[in-house]
Amino acid sequence: MLGRNVTRLRKQAKITKQKFALMVGVGRPFLNRIENGTADPRLSVILRLADALETTPQELLTNPGEPPTQSMPKRHARLG
């Protein structure tokens, strides 16, 4: 899902893979793996992807057209 959304939004913005990799600060091979769904990027990379695409991490991680989550789950009482 992440890879499909990154590819879709990058293409909508008419940004090449080379330029996008530079914008995000990752190598093109790693960007290829993200877009192919074979990479497991860290949260910091997902945040940079979202920032470069002028969107939210949530949009990158959900199916297009899926309604947004209403609320965040409550934390476990022992976790504070």
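Bear in mind that the values in this text are calculations on the coordinates, not laboratory data. Keep in mind it's a predicted model, so treat the numbers as computed, not measured. Note: ideal-geometry Cβ built from the backbone for every residue, glycine included; neighbour counts use all protein chains shown.
Let me know the Kirkwood hydrodynamic radius for segment 2-59, please, with Cα pairs as the basis and the value in Å to one decimal. Before the final figure, lay out the partial values.
Details: mean 1/r = 0.0912 Å⁻¹.
About 11.0 Å for segment 2-59.
By how many nm would the segment from S44 to L22 grow when fully extended, if each residue of separation counts as 0.36 nm and the alpha-carbon distance is taken off?
Value of the extension gain: 6.4 nm.
Taking the Cβ of each residue in I15, I34 as the centre, tally the other Cβ atoms inside 10 Å and list the residues starting with the fewest.
Starting with the residue having the fewest Cβ neighbours, the order is I15, I34.
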